[in-house]
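K.L.:
Sharing a structure with you now.
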Amino acid sequence: MQQPQWTMILRPRKAWYEINLRELWDYRDLIVLFVWRDFVSYYKQTVLGPVWFLIQPVLTTLTYVVIFGNIAHLSTNNVPQFLFYLAGTVLWGYFSSCLTKTATTFIGNAPIFGKVYFPRLTAPISVLISNLITFGIQFALFVVGVIYYSQVNAYVRPNWFILLTPLLLLIMAGQGLGLGIIISSLTTAYRDLQMIVIFGVQLLMYATPVIYPLSSVPEQYRWLLALNPITPLMETFRYAFLGQGELSLGMMIYSIIFTIVVVMAGVLMFNQVENNFMDRV
Amino acid sequence: MNTVISVENVSKFYALGVISHRTFSSDAARFWASMRNQPDPLVAKSEKDPASMQGQFIWALRDVSFDVQQGEVVGIIGRNGAGKSTILKILSRVTAPTYGQVKVKGRIASLLEVGTGFHPELTGRENIFLNSAILGMSRAETRRKFDEILDFAEVEEFIDTPVKRYSSGMYVRLAFAVAAHLDPEILIVDEVLAVGDAAFQKKCLGKINNVATEGRTVLLVSHNMVAVGEFCQRCILLEHGRIAQNGPTQKVLEMYAHPLRESSAGSFDGLPIKGDGQIELLSYSVTNQSGEENILPLTNEDVTIHVRMRVNEEIHHPAVGIGIHTEQGVLLTSVSSVEQGILLDPFHQGEMVFDVKLCKIPYIAGFYRMDLWFTNPQGHYYARADDTIRFEVGQSAIYGVSQVDARWGSVYAKIQFGAAPDLSAEVK
């Protein structure tokens with residue numbers, strides 16, 4: 001009797017280390033198409049089209065200028081308020097959309113996941129990439145602002161640290177993804193988390209130096225912000241493009257370790273939950 | 001013989017009443033057990049002491065084993081709740097089995113629904129690419145098949161229009177066309193896929209048949225006995241999560257149409273009852289219009305179904321609904337007290353008998369099945385028994401023939417025939 005060569009064995013449980021990255025790679029076309037679907041469907045049937053990607057951060061930035069700059073008089077370390085808040089809005093926007101959108105992976109995609117199998121990680125990964133495109137458009141606007149202000153304002157001094165931008169984005173995407181898929185895995189059982197994410201991200205923004213520089217924080221609260229792994233990313237980003245911010249190798253290493261841990265934990269958890277989450281959603 | 005699918009002792013457990021019984025500590029216990037590769041404590045408990053968990057779980061599949069050889073077209077049939085969709089979900093990797101394993105050889109594609117992932121804002125062309133990627137095709141493969149798909153779907157002129165502007169017929173044709181042009185070695189199809197107008201339906205079934213003649217393996221899950229009879233050499237009949245019959249299609253279909261149980265009374269024990277358990281269904285009996293249990297009711301007579309049940313907590317505003325099907329699963333009647341505007345008296349705690357009287361039934365001799373459900377006015381299920389209550393209508397001389405049976409259809413209608421002169425002919 002011939003020994004059959006099975007291509008696939010479906011078992012009740014996967015071992016915790018059984019993560020099929022090869023299969024994920026086979027579905028790379030799907031990731032591309034998901035990204036492209038999100039991008040195109042975002043502005044279809046709108047008059048302004050992709051311009052909407054810019055209107056959002058600009059209006060948010062103007063609001064911050066009025067409220068935090070002109071009413072609350074928060075310090076921006078002499079950087080023009082518009083540019084300072086734009087830097088914060090654009091970078092924070094990337095993190096928060098990565099987190100909130102990957103956090104609904106299982107629940108939001110349940111109709112598709114319930115009907116057909118494909119590696120579930122394609123969904124959150126495509127979210128990261130389509131957010132990166134949005135970020136790219138907004139970032140281009142920010143760069144224009146930096147170039148303009150660096151000519152007219154002596155405090156704005158872009159420097160070679162801008163070469164670290166891809167690394168900063170990678171770390172940020174990792175944090176958004178890791179936290180997002182952990183939350184997404186838990187929300188299959190506890191929907192409460194969904195509610196927490198929405199305002200949790202808003203609150204987290206105030207615990208991150210987005211609308212204020214780290215240097216303006218009183219010494220006794222510094223340690224709190226130092227615990228936040230997004231703090232060094234924000235500060236390094238602003239240092240690179242605006243010349244104002246605090247660089248700290250120690251905090252950066254902490255942030256990177258945090259990212260690695262959270263991504264690994266997230267992927268392991270996601271991998272277990274995808275096995276039979278449909279029974280619970 | 002080359003076995004391409006081997007299903008080995010597969011069972012699937014579903015915990016019901018999830019919301020009220022889910023606690024953090026039981027979740028933590030289940031999680032901890034799964035980390036140590038130990039059986040789920042909830043499953044273990046339901047096996048050791050099923051009585052303590054009455055109504056809180058269901059075995060959607062129990063020890064199901066079968067093999068499928070390469071190039072075979074196998075039908076999976078059974079009534080609602082028999083486990084058909086569960087086995088589909090396991091084979092298509094949407095969910096994992098609780099026990100047992102499934103071995104597969106070759107690329108498997110499952111079509112549980114057409115148009116999965118279609119985005120309304122995208123054009124037909126864009127959706128073809130997106131949908132085929134979801135089904136596992138690369139962009140290069142899709143590009144190669146693009147013209148064929150377009151041709152099959154008959155929507156060339158609208159290919160660059162967003163699909164939200166499509167008529168439902170066009171939408172379905174496009175969706176099926178994509179699915180039909182997958183190239184898997186094993187195709188799992190839910191028969192509800194064959195949709196659209198009659199001509200297109202034929203085309204769909206023809207396409208499925210083609211796939212089979214090309215030496216690929218097809219698993220067809222169906223209610224449609226005609227389709228199964230036409231395409232499948234072999235059939236698997238599922239009943240309450242177990243395989244009741246596995247063999248040549250004709251033999252299994254006969255078995256499906258004439259199950260051995262002949263009694264007019266029955267119990268709900270071990271049958272899949274859904275709902276929150278507020279009402280427990282115990283047993284039922286069927287009587288004819290003279291109240292006799294052992295004489296069959298006839299067409300145009302009244303039938304009463306007496307359902308004995310236990311109410312666990314007083315229900316102030318109960319609502320009830322029924323559905324009646326033929327043995328082949330064709331729905332004949334469906335009605336509920338909510339739609340009829342009938343208010344039922346409150347159900348008091350304890351055991352009671354609830355009567356459903358079907359007045360002057362129009363059904364022709366044969367077996368029928370009734371669904372019964374109790375809800376609150378908002379439609380929350382206290383208890384729901386699909387396909388479980390069975391009754392027989394006896395033969396009577398309704399059409400003036402003594403042996404009226406299923407060949408005369410399922411529903412009796414009083415019809416008058418007459419000839420009249422053709423008035424338009426006289427004008428000429």
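K.L.:
Is it true that B:Val18 is at pLDDT 70 or above and either over 30 Å from B:Arg234 (Cα atoms) or within 14 Å of chain A (Cβ to nearest Cβ) (or both)?
P.N.:
No; evaluated as a whole, the condition is false for this residue.
Residue-by-condition table, conditions (1) within 20 Å of B:Tyr284 (Cα to Cα); (2) in contact with a Phe, Trp or Tyr (Cβ under 8 Å, 6 or more places away or on another chain); (3) in contact (Cβ under 8 Å) with a residue 12 or more places away in the chain; (4) not polar (S, T, N, Q):
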residue: B:Leu296; (1), (2), (3), (4): yes, no, yes, yes
residue: B:Asn300; (1), (2), (3), (4): no, yes, yes, no
residue: B:Val307; (1), (2), (3), (4): yes, yes, yes, yes
residue: B:Asn312; (1), (2), (3), (4): yes, no, yes, no
residue: B:Glu327; (1), (2), (3), (4): yes, yes, yes, yes
residue: B:Val330; (1), (2), (3), (4): no, no, yes, yes
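K.L.:
Next up: Kindly indicate whether B:Glu126 is assigned to a helix (DSSP H, G or I), of a type in the set (D, E, K, R) and surrounded by fewer than 15 Cβ atoms within 10 Å (Cβ to Cβ).
P.N.:
So B:Glu126 does not fit the description; no.
K.L.:
Would you tally the residues in segment A:237-281 being within 14 Å of chain B (Cβ to nearest Cβ) and either more than 20 Å from A:Leu179 (Cβ to Cβ) or in a loop (DSSP other than H, G, I, E, B) (or both)?
P.N.:
The number of residues fulfilling the criteria is 7.
K.L.:
Here is a further query. Please enumerate the residues belonging to segment A:143-156 that are of a type outside the set (Val, Ile, Thr) and over 26 Å from the mean Cα position of the chain (by Cα).
P.N.:
Answer for segment A:143-156, where residues must be of a type outside the set (Val, Ile, Thr) and over 26 Å from the mean Cα position of the chain (by Cα): A:Tyr148, A:Tyr149, A:Ser150, A:Gln151, A:Asn153, A:Ala154, A:Tyr155.
K.L.:
Among the candidates A:Arg222, A:Arg238, single out the residue that is at pLDDT below 95 and in contact with a helix residue (DSSP H, G or I) (Cβ under 6 Å, 6 or more places away or on another chain).
P.N.:
The match here is A:Arg238.
K.L.:
Report, by residue number, each residue of segment A:185-194 that is crowded, with 18+ Cβ neighbours inside 10 Å and not in a helix (DSSP H, G or I).
P.N.:
The answer is A:Thr188, A:Ala189.
K.L.:
I would also like to ask the following. Please go through segment B:331-345 and pick out each residue that is surrounded by 12 or more Cβ atoms within 10 Å (Cβ to Cβ) and β-branched (Val, Ile, Thr).
P.N.:
Correct list: B:Thr333, B:Val335, B:Val338.
K.L.:
Among the numbered criteria (1) free of Cβ contacts under 8 Å to residues at least 40 places away in the same chain; (2) in contact with a His (Cβ under 8 Å, 6 or more places away or on another chain), which single criterion is violated by B:Gln289?
P.N.:
The single condition B:Gln289 does not satisfy is (2).
K.L.:
Collect the residues in segment B:95-123 that are in contact with a Lys or Arg (Cβ under 7 Å, 6 or more places away or on another chain), farther than 22 Å from A:Val273 by Cα, within 8 Å of chain A (Cβ to nearest Cβ) and surrounded by fewer than 18 Cβ atoms within 10 Å (Cβ to Cβ), keeping them in residue-number order.
P.N.:
Passing the criteria: B:Glu113, B:Glu121.
K.L.:
If you go through segment A:216-232, how many residues are within 16 Å of A:Phe68 (Cβ to Cβ) and either in a helix (DSSP H, G or I) or open to solvent by 40 Å² or more (accessible area, probe 1.4 Å) (or both)?
P.N.:
Step one: of segment A:216-232, the residues within 16 Å of A:Phe68 (Cβ to Cβ) are A:216-217.
After this cut, where a residue has to be either in a helix (DSSP H, G or I) or open to solvent by 40 Å² or more (accessible area, probe 1.4 Å) (or both) as well, the list is A:216.
Number satisfying all stated conditions: 1.
K.L.:
Applying the selection to segment B:347-399, what residues are assigned to a loop (DSSP other than H, G, I, E, B) and under 26 Å from B:Glu301 (Cβ atoms)?
P.N.:
Residues satisfying the conditions are B:Cys359, B:Lys360, B:Ile361, B:Pro362, B:Ile364, B:Ala365, B:Gln395, B:Ser396, B:Ala397, B:Ile398, B:Tyr399.
K.L.:
Right, something else. Within segment B:369-399, which residues are on the phi > 0 side of the Ramachandran plot and either open to solvent by 70 Å² or more (accessible area, probe 1.4 Å) or modelled with pLDDT of 85 or more (or both)? Show your work before the answer.
P.N.:
Looking only at segment B:369-399, we keep the residues that are on the phi > 0 side of the Ramachandran plot, and these are B:379, B:387.
Once the filter is applied, which keeps residues that are on the phi > 0 side of the Ramachandran plot and either open to solvent by 70 Å² or more (accessible area, probe 1.4 Å) or modelled with pLDDT of 85 or more (or both), segment B:369-399 yields nothing.
K.L.:
Does segment A:13-37 hold any residues that are hydroxyl-bearing (Ser, Thr, Tyr) and facing another protein chain (nearest Cβ under 8 Å), and which are they?
P.N.:
A:Tyr27
K.L.:
Of the residues B:Thr116, B:Thr95, B:Thr86, which is polar (S, T, N, Q) and part of a helix (DSSP H, G or I)?
P.N.:
B:Thr86
K.L.:
Also: Restricting to segment A:95-145, give me the number of residues that are touching a Lys or Arg at 6+ places or on another chain (Cβ under 6 Å) and within 22 Å of A:Leu204 (Cα to Cα).
P.N.:
Our first condition is that a residue be touching a Lys or Arg at 6+ places or on another chain (Cβ under 6 Å); within segment A:95-145, this holds for A:117, A:127.
Cutting the leftovers down to within 22 Å of A:Leu204 (Cα to Cα) gives us A:127.
Of the residues in segment A:95-145, 1 are touching a Lys or Arg at 6+ places or on another chain (Cβ under 6 Å) and within 22 Å of A:Leu204 (Cα to Cα).
K.L.:
Looking at segment B:160-196 only, could you name the residues that are within 13 Å of B:Arg125 (Cα to Cα), touching a strand residue (DSSP E or B) at 6+ places or on another chain (Cβ under 8 Å) and crowded, with 18+ Cβ neighbours inside 10 Å?
P.N.:
B:Pro162, B:Val163
K.L.:
Working only within segment A:136-175, note down all residues that are buried (at least 21 other Cβ atoms within 10 Å of the Cβ) and part of a loop (DSSP other than H, G, I, E, B).
P.N.:
A:Val156
K.L.:
Which of the following residues is among the aromatic types (Phe, Trp, Tyr), touching a residue at least 24 places away in the same chain (Cβ under 8 Å), away from every other protein chain (no Cβ under 11 Å) and under 30 Å from B:Val163 (Cα atoms): A:Phe53, A:Phe95?
P.N.:
Answer to the selection: A:Phe53.
K.L.:
Yes or no: segment B:59-74 includes at least one residue that is facing another protein chain (nearest Cβ under 10 Å), assigned to a strand (DSSP E or B) and touching a Pro at 6+ places or on another chain (Cβ under 6 Å).
P.N.:
Within segment B:59-74 (the criterion being facing another protein chain (nearest Cβ under 10 Å), assigned to a strand (DSSP E or B) and touching a Pro at 6+ places or on another chain (Cβ under 6 Å)), the answer is no, since none of the residues qualifies.
K.L.:
Okay, moving on. Can you give me the number of residues within segment B:140-159 that are open to solvent by 10 Å² or more (accessible area, probe 1.4 Å) and small (Gly, Ala, Ser)?
P.N.:
The qualifying residues number 1.
K.L.:
Return yes when A:Ile182 is more than 14 Å from chain B (Cβ to nearest Cβ), outside any loop (DSSP other than H, G, I, E, B) and out of contact with any Pro (no Cβ under 7 Å at 6 or more places or on another chain) and no when it is not.
P.N.:
Spelling it out, it is not the case that A:Ile182 is more than 14 Å from chain B (Cβ to nearest Cβ), outside any loop (DSSP other than H, G, I, E, B) and out of contact with any Pro (no Cβ under 7 Å at 6 or more places or on another chain).
K.L.:
Pairs, please: C-beta under 7 Å, at least 6 apart or cross-chain, first residue more than 9 Å from every other protein chain (Cβ to nearest Cβ) and free of Cβ contacts under 8 Å to residues at least 40 places away in the same chain and in segment B:129-153, second in a helix (DSSP H, G or I) and crowded, with 20+ Cβ neighbours inside 10 Å?
P.N.:
Once the first residue is more than 9 Å from every other protein chain (Cβ to nearest Cβ) and free of Cβ contacts under 8 Å to residues at least 40 places away in the same chain and sits in segment B:129-153, its partners that are in a helix (DSSP H, G or I) and crowded, with 20+ Cβ neighbours inside 10 Å give B:Phe146/B:Ile128; B:Ile149/B:Ile128; B:Ile149/B:Ala177; B:Ile149/B:Val178; B:Ala153/B:Arg173; B:Ala153/B:Leu174; B:Ala153/B:Ala177.
The values are calculated or read from the model by the stated rules, or taken from the named source; none is laboratory data. Fair warning: this is a prediction, and the values are worked out from it, not measured in the lab. Cβ: placed from backbone, ideal geometry, glycine included. Neighbour counts: every protein chain shown. Surface accessibility is based on the protein's heavy atoms, side chains included, excluding ligands, DNA and RNA. Shrake-Rupley method; radii C 1.70, N 1.55, O 1.52, S 1.80 Å.
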